[in-house]
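Undergrad: There's a structure below that I have some questions on.
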Amino acid sequence: MLKVNVYGGMLKEEEKQAYVDYALTQEHEQTLKELDITLDGEYVTLAYHYDSVPFERIRRITGYLVGTTDRFNDGKKAEVDNRVKHVTSK
């Protein structure tokens, strides 16, 4: 459910819906969670707030870029288990 906040004045429901419709037509890869409409005389500012996107860590392991090692075969899993982790000191 999209939450709409109006600041600096009042809007009729049809005006508010027009701004929501406009916001939803913008090219965004994330899901719009909240819309702030700020009124300042003849000017209107729209601020978009999106749902957070889950981030998956990607690492380079034994020459491959991977998120997880669950699809590695036994040989690759052994390489991961036996690799030497280097520590740097100051």
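Undergrad: Among the residues of the range 12-35, is there at least one that is assigned to a loop (DSSP other than H, G, I, E, B) and modelled with pLDDT of 90 or more? Full working, then the answer.
TA: Here is the first cut: in the range 12-35, the ones assigned to a loop (DSSP other than H, G, I, E, B) are 12, 26-31.
Narrowing further to those that are modelled with pLDDT of 90 or more: 12.
Yes - at least one qualifying residue is present in the range 12-35.
Undergrad: Search the range 4-33 for residues that are at negative phi and polar (S, T, N, Q) and pair each with any residue that is at pLDDT below 95 and loosely packed, with under 11 Cβ neighbours inside 10 Å when their beta-carbon atoms are under 7 Å apart and the residues are at least 6 apart or on different chains.
TA: Close Cβ pairs satisfying both conditions: Q30/D51; Q30/V53; T31/D51.
Undergrad: Restricting to the range 44-67, count the residues that are hydroxyl-bearing (S, T, Y), in contact with a helix residue (DSSP H, G or I) (Cβ under 7 Å, 6 or more places away or on another chain) and either touching a residue at least 60 places away in the same chain (Cβ under 8 Å) or more than 30 Å from E79 (Cα to Cα) (or both).
TA: Here is the first cut: in the range 44-67, the residues hydroxyl-bearing (S, T, Y) are 45, 48, 50, 52, 62, 64.
From what is left, the residues that are in contact with a helix residue (DSSP H, G or I) (Cβ under 7 Å, 6 or more places away or on another chain) are 48, 62.
Filter once more, so that each one left must be either touching a residue at least 60 places away in the same chain (Cβ under 8 Å) or more than 30 Å from E79 (Cα to Cα) (or both): 48.
Of the residues in that region, 1 qualify.
Undergrad: Consider R71 carefully, then state whether it is over 30 Å from K16 (Cα atoms), among the charged types (D, E, K, R), within 25 Å of the chain's Cα centre (by Cα) and not in a helix (DSSP H, G or I).
TA: No, not satisfied.
Undergrad: Further question: Checking the condition loosely packed, with under 12 Cβ neighbours inside 10 Å, at positive phi and without any contact (Cβ under 8 Å) to a residue 60 or more places away in the chain, which residue from G75, G41 passes?
TA: Details: G75 fails: at positive phi.
Of the residues listed, the single one that is loosely packed, with under 12 Cβ neighbours inside 10 Å, at positive phi and without any contact (Cβ under 8 Å) to a residue 60 or more places away in the chain is G41.
The values are calculated or read from the model by the stated rules, or taken from the named source; none is laboratory data. All of these numbers come straight from a predicted model, not from anything done at the bench. Glycine gets a Cβ as well: all are built from the backbone with ideal geometry, and neighbour counts include every protein chain shown.
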